[in-house]
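A quick write-up on the structure given underneath.
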Amino acid sequence: MTCDEVVGRLRSGMTLGIGGWGSRRKPMALVRALLRSEVTDLTVITYGGPDVGLLAAAGRIRRLVTAFATLDSIPLEPHFRAARESGAFELTELDEAMFMWGLHAGANRLPFLPVRAGLGSDVMRVNPELRTVTSPYADGEEFVAVPALRMDAALVHLNRADRLGNGQYLGPDPYFDDLFCEAADTAYVSCERLVETSELAKAGPPQSLLVSRHSVTGVVETPNGAHFTSCVPDHGRDEAFQRLYASTPWDEFAARFLSGPTEGDYQRAVRAWSEERR
């Protein structure tokens, strides 16, 4: 598929999961395609990074479910912060472990999973809808009942994929992308390079084959599609461009880099900026 074909299957009001972690291996080409569409009023579920910032600045988020929103080397995502300070969307903020077990519950089609994380913390105070459950066994221990994080669609980015939907990561961390795909009704994988299935086994160990075709609806080849986030070992984070993104007024940034009709226009604008900088 193409990025625009993927977004053509999304609808306003959907619950959308976005893989990656902070400013690492985010499906940014798919997010940029989403910005070129009219899709809005989204509930976004993600370990947040610039995906959240872009969608928040463009006014596309109705509710955000996350454990954080960071650019990693820049601790707080500035457009997320601005949107929260203005009350632009609802926020459900979970502990990182609670978020992970919510994904597990969604992937396994369970209504919730019991966890200890969150007990005794303000997570319970700021999320009054959360409930606790008591173990039915002799221990009688109390747990937080973390609700399943189910999604209409999920977007993830991986290093390699084949046409069948098998996806492979070659960097240091899977970032729960497999759970996002399994917890969603439909899942779309963008990749740095589309390869034959036989090539996946040669590129890395078996455990690097993170996403299985049974949970994938479509695949998009998008070289440099995670820019400006990292996608190790294919490319690191573009720190200079990330600083530009974080320090430039949204309207100015969007006009220069996001106003073109295709992902190619964005990539050309970035290359032109890099040449000017040199």
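Under 6 Å between Cβ atoms, which residue pairs at least 6 apart in sequence (or on different chains) link something in segment 229-243 that is surrounded by 15 or more Cβ atoms within 10 Å (Cβ to Cβ) with a partner that is of a type in the set (Gly, Ala, Ser)?
229/23; 230/236; 232/171; 237/23; 237/230
Exactly one of (1) outside any loop (DSSP other than H, G, I, E, B); (2) touching a helix residue (DSSP H, G or I) at 6+ places or on another chain (Cβ under 8 Å) is unmet by residue 149. Its number?
(1)
Take residue 67 and tell me if it is hydrophobic (A, V, I, L, M, F, W, C) and over 14 Å from residue 22 (Cβ atoms).
no
Quick one: count up the residues across segment 100-147 that are among the acidic types (Asp, Glu) and within 25 Å of residue 181 (Cβ to Cβ).
Total meeting the criteria: 0.
Listed residues 124, 100; which is surrounded by 14 or more Cβ atoms within 10 Å (Cβ to Cβ), more than 17 Å from the chain's Cα centre (by Cα) and not assigned by TED's automatic domain parsing to the domain that holds residue 59?
124
If a residue must be acidic (Asp, Glu) and in contact with a strand residue (DSSP E or B) (Cβ under 9 Å, 6 or more places away or on another chain), how many such residues does segment 1-34 contain?
Looking only at that region, the number is 1.
I'd like to know if segment 2-12 contains one or more residues that are among the polar types (S, T, N, Q) and farther than 24 Å from residue 259 by Cβ.
Looking for residues that are among the polar types (S, T, N, Q) and farther than 24 Å from residue 259 by Cβ, one finds none in segment 2-12, hence no.
Restricting to segment 27-57, and then to whatever is in a loop (DSSP other than H, G, I, E, B) and in contact with a Phe, Trp or Tyr (Cβ under 9 Å, 6 or more places away or on another chain), can you tell me which residue is nearest to residue 175 (Cα to Cα)?
Among residues in segment 27-57 that are in a loop (DSSP other than H, G, I, E, B) and in contact with a Phe, Trp or Tyr (Cβ under 9 Å, 6 or more places away or on another chain), the one nearest to residue 175 (Cα to Cα) is 47.
Step by step: first the residues of segment 211-251, then only those that are outside any helix (DSSP H, G or I) and of a type in the set (Ser, Thr, Tyr), then the one that is farthest from the chain's Cα centre (by Cα). Which residue is that?
My answer is 248.
For segment 124-135, does any single residue satisfy the condition of being farther than 27 Å from residue 11 by Cα, of a type in the set (Lys, Arg) and assigned to a strand (DSSP E or B)?
yes
Would you pick out the residues in segment 17-48 that are over 21 Å from residue 161 (Cα atoms) and of a type in the set (A, V, I, L, M, F, W, C)?
The answer is 34, 35, 39, 42, 44, 45.
Restricting to segment 109-121, count the residues that are part of a loop (DSSP other than H, G, I, E, B) and either without any contact (Cβ under 8 Å) to a residue 12 or more places away in the chain or under 24 Å from the mean Cα position of the chain (by Cα) (or both).
Within segment 109-121, residues that are part of a loop (DSSP other than H, G, I, E, B) and either without any contact (Cβ under 8 Å) to a residue 12 or more places away in the chain or under 24 Å from the mean Cα position of the chain (by Cα) (or both) number 6.
Among the residues of segment 148-162, are any within 21 Å of residue 102 (Cα to Cα), without any contact (Cβ under 8 Å) to a residue 60 or more places away in the chain, surrounded by 18 or more Cβ atoms within 10 Å (Cβ to Cβ) and touching a Gly at 6+ places or on another chain (Cβ under 7 Å)?
Yes, some residue in segment 148-162 is within 21 Å of residue 102 (Cα to Cα), without any contact (Cβ under 8 Å) to a residue 60 or more places away in the chain, surrounded by 18 or more Cβ atoms within 10 Å (Cβ to Cβ) and touching a Gly at 6+ places or on another chain (Cβ under 7 Å).
The values are calculated or read from the model by the stated rules, or taken from the named source; none is laboratory data. As the structure is a computational prediction, the values presented were derived from the model and not from experiment. All Cβ positions, glycine included, derive from the backbone under ideal geometry; neighbour counts span all protein chains shown.
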